[in-house]
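Engineer: Sharing a structure here in structure tokens format.
The values are calculated or read from the model by the stated rules, or taken from the named source; none is laboratory data. What you see is a predicted model; the values in this text were computed from it and never measured. All Cβ positions, even for glycine, are placed from backbone atoms using ideal geometry, and neighbour counts span all protein chains on display.
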Amino acid sequence: MLTSLRHLFRYRALISSLVARELKARYRGSVLGFFWSFVNPLLLLLVYTFVFTIVLPGVHPPELEPFALFLFCGILPWTWFSSSLLEASNVLIAGGNLIRKVLFPAEVLPIVTVLAGLVHFCLGLPILAAFLVYYGVPIVAGDLLWFPVVVAVQLVLTLGLALLLSALAVHFRDIRDLLANLLTLWFFATPIIYALSQAPAPVRRFLNLNPFTHLVVSYQEVLFQRGSFAEWPRLILLAGAALVVCAFGYFVFDRLRDTLAEEV
Amino acid sequence: MTAIEVRGVRKTYRRYGRRRQFGTLKSALLGGRLLRDLRPDETFDALKGVSFDVPAGRTFGIVGRNGSGKSTMLKLIAGIGRPTEGTVRVQGRVSALIELGAGFHPEISGRENVYINGMMLGLTRREITARFSEIVAFAELEEFIDAPVKTYSSGMYMRLGFAVAINVDPDVLLVDEVLAVGDEAFTHKCLDKFAEFRRTDRTVLLVTHSLDLVTRFCDEAVWLDAGIVRAHGDPRRVVDAYLQDVARAENVALGRAAAAALDAAGVHVEGRTGEVATDGGADPPAPSGEATAGPSDAPARPGSAARPSTAAADEPPDMFKADEGRWGSREVEITDVELIGRDGRPAYVFESGEPLEIRLRVAARLPVTDLVFGVGIFNAEGVCCYGTNTKIEGATSAELAGAGDVRFVIERLDLVDGTYKLDVAAHRENGAAYDYHRLLYTIRVTARLPETGIFRPPHRWRFSGGVRVTGLEP
């Protein structure tokens, strides 16, 4: 496993080139091009804001105002997370030709998927910043320092799950279809369109088992809630858990590595 | 020094039943067999204990039929996949030309693809920059390098893939049947590149069906067959052994096909000759116009008399129109045909220059006196390579009463490599057929050299003066 990691390090230039290629190729040929990276989250946000302020006004308590901003704090990281996992579950199968014919570490592919998602996430940040300025949310400088930490924790967690899913999906193609539905459930089991405090206590205990709950709550605390970031102990805990998930994901991937070329 | 060391390598692939492919996750979860499912159950051995060494600096060939395990072996050496048993050790940097341009992304430019492909093959960005112009020049894509790869023709695509892979500058180059990608000029360039590899003492492993390439370029070769090494050593000997085996297999296949064709044409094989006498009468029986009608059942078949059969039987066979088949009055019948090779045994594959003997077993219902025997050899395009009969060759009379044998002996079958079909016939002096077998017998002639045309006269080259020619095949 350690030698595999060393190999992976050698391929870091390839990973960065592949991420760049991924981004370039994605919007090649479309009129708006790169602009879509900004427009996509904005449109998504518009849809949710429309539903929760015009179709269903008043379902959220006043402390969640401005609701559009509250939504954005959860949706932006969630989009990164869910699209990365969905793509990762298919990336080895789609790149089967490469894995069967070229000698290179296959984990590069899911890693590239997650990193490309990270870039899209970062491209959404200016819009988030614009919202923050527009609504005049007071930002605590100390909180902002936590922001990259939250992103890093999410990155590690997503990487671990992406590695695990991508390798398993080669053996069990069902995962791809299962995952799409699971992610919908996961979305609603995460306090994105509601606040954790709104959930009844027994449900809250259940929601607390969801690692992504803590991530979203951290994002909301850092960006949305007034007052300084008080939830950092649970973020640190989550960081530990994310590292375990990542190591486990890599371990499983490494174990299945030799079977990948035959099964895809 | 050994560049590649293969020791007792076995590679087992799992084979799925249809049932296992559906609902794998469900069954895995329900049965708690998540880990067991990742282990093979129904298996197939692509390689069954293969060992060989490739010394550094040699060009090494692997030949074998489709499915013999060549590509599996190459992938194991490339490090794509690991052997189930045994070890594969490779010294130095490996580059595998297994599928060219496998990592290309169609939407981005050739330039970017060169970088990404090169990095996948293990180069650093700086190394690629240093070789970039060389790669592009080799691929002959200077004008198009900034266009998206999806606009490339398949030849351009392959050339770029080849150029990147070969410029990785490997110590060991693995090549799997990729030389057929370009035009003549590009193929020559690739061969030049291989020659350069040899000169600089690097190792090339070549998997190919082009045996010519193996005998010309390789220092050593192995022949893999169904996952085992059948021969190893001098490329010429290995290729010869392989070709002989292919000929044997073709012999069996052609024999089977010939038996089927004869069956369809109603030619009697041993044990059925007794039928000839069953409908003996003073008059010739209604000649059957169709090859499928045997003499014994033709008169009995209702409606057979109404057929315009006489015309068909008496019409001289038109060499240029007739398809394979059998016709004739059957007063004289060719009951059995055998093709005999050099060793005196029936064969269907003959080396060019070897003897061929055509043996006919003939039987007459009534004694006949105006009999002519003929044979014809046709190539795959239907061109008559040779045709003769006893009348052309001056026979003044030929009679047959009862049964007898006819042997047509060719001392040297001097034909070029190819498939040929034979006519054999017994007919009257005026050409009306007693029994005409049209293109019913197929032989394969193999030659060591891919000469063209039809006829291969025994020959040799002589040079004098300032002409120096070396390496001619004997």
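Engineer: Taking segment B:440-449 as the search range and keeping residues that are of a type in the set (A, V, I, L, M) and touching a residue at least 60 places away in the same chain (Cβ under 8 Å), which one is surrounded by the fewest Cβ atoms within 10 Å (Cβ to Cβ)?
Structural biologist: Selected residue: B:ALA447.
Engineer: Now for a different question. Go through B:ALA56, B:ALA78 for me and flag whichever is aliphatic (A, V, I, L, M), touching a residue at least 12 places away in the same chain (Cβ under 8 Å) and within 10 Å of chain A (Cβ to nearest Cβ).
Structural biologist: B:ALA78
Engineer: Right, something else. Could you run through segment A:35-67 and say how many residues are among the hydrophobic types (A, V, I, L, M, F, W, C) and either closer than 17 Å to A:PHE131 by Cα or touching a residue at least 40 places away in the same chain (Cβ under 8 Å) (or both)?
Structural biologist: 12
Engineer: Something else about it: Any residue at all in segment B:450-465 that is loosely packed, with under 11 Cβ neighbours inside 10 Å, in contact with a Lys or Arg (Cβ under 6 Å, 6 or more places away or on another chain) and either in the same structural domain as B:SER329 (by TED's automatic domain parsing) or of a type in the set (Lys, Arg) (or both)?
Structural biologist: no
Engineer: Let me ask you something else. Of the residues in segment B:151-178, how many are assigned to a helix (DSSP H, G or I) and surrounded by 13 or more Cβ atoms within 10 Å (Cβ to Cβ)?
Structural biologist: 12
Engineer: How about segment A:107-145: which of its residues are under 21 Å from the mean Cα position of the chain (by Cα) and assigned to a loop (DSSP other than H, G, I, E, B)?
Structural biologist: Listed by number, the list holds a single entry, A:GLU107.
Engineer: Can you tell me which residues in segment B:82-123 are in contact with an Asp or Glu (Cβ under 6 Å, 6 or more places away or on another chain) and either surrounded by 22 or more Cβ atoms within 10 Å (Cβ to Cβ) or assigned to a loop (DSSP other than H, G, I, E, B) (or both)?
Structural biologist: B:ARG82, B:GLY92, B:ARG93, B:ILE98
Engineer: Looking only at segment A:1-28, filter to residues that are within 11 Å of another protein chain (Cβ to nearest Cβ) and outside any helix (DSSP H, G or I); which one of those is surrounded by the fewest Cβ atoms within 10 Å (Cβ to Cβ)?
Structural biologist: In this case the residue turns out to be A:ARG28.
Engineer: Look at A:PHE67 and say whether it is in contact with a Ser or Thr (Cβ under 7 Å, 6 or more places away or on another chain), closer than 30 Å to A:GLU263 by Cα, more than 14 Å from every other protein chain (Cβ to nearest Cβ) and among the aromatic types (Phe, Trp, Tyr).
Structural biologist: So A:PHE67 does not fit the description; no.
Engineer: Could you please find all residues in segment A:83-123 being in contact with a Phe, Trp or Tyr (Cβ under 7 Å, 6 or more places away or on another chain) and small (Gly, Ala, Ser)?
Structural biologist: A:GLY117
Engineer: Something else: Which one is farthest from A:LEU85 (Cα to Cα) among residues in segment A:196-223 that are in a loop (DSSP other than H, G, I, E, B) and under 19 Å from the mean Cα position of the chain (by Cα)?
Structural biologist: A:LEU209
Engineer: I'd like to know if segment B:182-197 contains one or more residues that are within 11 Å of chain A (Cβ to nearest Cβ) and of a type in the set (Ser, Thr, Tyr).
Structural biologist: Within segment B:182-197, none of the residues are within 11 Å of chain A (Cβ to nearest Cβ) and of a type in the set (Ser, Thr, Tyr).
Engineer: Next question, about the same structure. Check off (1) free of Cβ contacts under 8 Å to residues at least 24 places away in the same chain; (2) closer than 20 Å to B:GLY382 by Cβ for B:ASP423 and give me the number that stays unchecked.
Structural biologist: Here B:ASP423 clears every test but (1).
Engineer: Taking segment B:186-234 as the search range and keeping residues that are among the aromatic types (Phe, Trp, Tyr) and within 25 Å of B:GLU5 (Cβ to Cβ), which one is surrounded by the most Cβ atoms within 10 Å (Cβ to Cβ)?
Structural biologist: The selected residue is B:TRP223.
Engineer: Output the number of residues of segment A:96-115 satisfying the condition of being in contact (Cβ under 8 Å) with a residue 40 or more places away in the chain and within 13 Å of chain B (Cβ to nearest Cβ).
Structural biologist: Qualifying residue count, segment A:96-115: 9.
Engineer: Okay, next question. Of everything in segment A:131-152 that's surrounded by fewer than 12 Cβ atoms within 10 Å (Cβ to Cβ) and of a type in the set (A, V, I, L, M, F, W, C), which residue is farthest from A:VAL222 (Cα to Cα)?
Structural biologist: Residue satisfying both the conditions and the ranking: A:VAL133.
Engineer: Yes or no: B:ALA364 surrounded by fewer than 20 Cβ atoms within 10 Å (Cβ to Cβ), in the same structural domain as B:ALA347 (by TED's automatic domain parsing) and not polar (S, T, N, Q)?
Structural biologist: When the stated conditions are applied, B:ALA364 does not pass them.
Engineer: Any idea which of B:GLU85, B:GLU99 is among the acidic types (Asp, Glu) and more than 10 Å from chain A (Cβ to nearest Cβ)?
Structural biologist: The conditions single out B:GLU85.
Engineer: Give just the number: which of (1) in contact (Cβ under 8 Å) with a residue 12 or more places away in the chain; (2) under 30 Å from B:VAL50 (Cα atoms) does B:LYS150 not satisfy?
Structural biologist: All conditions pass for B:LYS150, except number (2).
Engineer: State which residue is nearest to the other protein chains (Cβ to nearest Cβ) when the search covers only segment A:248-264 and only residues that are closer than 12 Å to A:ALA162 by Cα and surrounded by fewer than 18 Cβ atoms within 10 Å (Cβ to Cβ).
Structural biologist: Filtering first and then ranking leaves A:VAL252.
Engineer: Which condition does A:LEU71 not pass, out of (1) under 21 Å from the mean Cα position of the chain (by Cα); (2) farther than 15 Å from A:TYR194 by Cβ; (3) in contact (Cβ under 8 Å) with a residue 60 or more places away in the chain, if it passes all the others?
Structural biologist: If we test A:LEU71 against (1) under 21 Å from the mean Cα position of the chain (by Cα); (2) farther than 15 Å from A:TYR194 by Cβ; (3) in contact (Cβ under 8 Å) with a residue 60 or more places away in the chain, just (2) comes out false.
Engineer: Here is a follow-up. Out of A:VAL31, A:VAL47, A:VAL59, A:VAL55, I need the residue that is surrounded by fewer than 19 Cβ atoms within 10 Å (Cβ to Cβ) and either within 13 Å of chain B (Cβ to nearest Cβ) or under 30 Å from B:VAL149 (Cα atoms) (or both). Which one?
Structural biologist: Going through A:VAL31, A:VAL47, A:VAL59, A:VAL55 in turn, just one is surrounded by fewer than 19 Cβ atoms within 10 Å (Cβ to Cβ) and either within 13 Å of chain B (Cβ to nearest Cβ) or under 30 Å from B:VAL149 (Cα atoms) (or both): A:VAL31.
Engineer: Working only within segment B:191-236, note down all residues that are of a type in the set (Ser, Thr, Tyr) and within 24 Å of the chain's Cα centre (by Cα).
Structural biologist: B:THR208, B:SER210, B:THR215
Engineer: Then there's this: Counting just the residues of segment B:354-388 that are small (Gly, Ala, Ser) and at pLDDT below 90, which one comes out farthest from B:GLY418 (Cα to Cα)?
Structural biologist: Result: B:GLY382.
Engineer: Would you mind telling me which numbered condition in (1) within 14 Å of chain B (Cβ to nearest Cβ); (2) within 17 Å of the chain's Cα centre (by Cα) A:PHE172 fails?
Structural biologist: (2)
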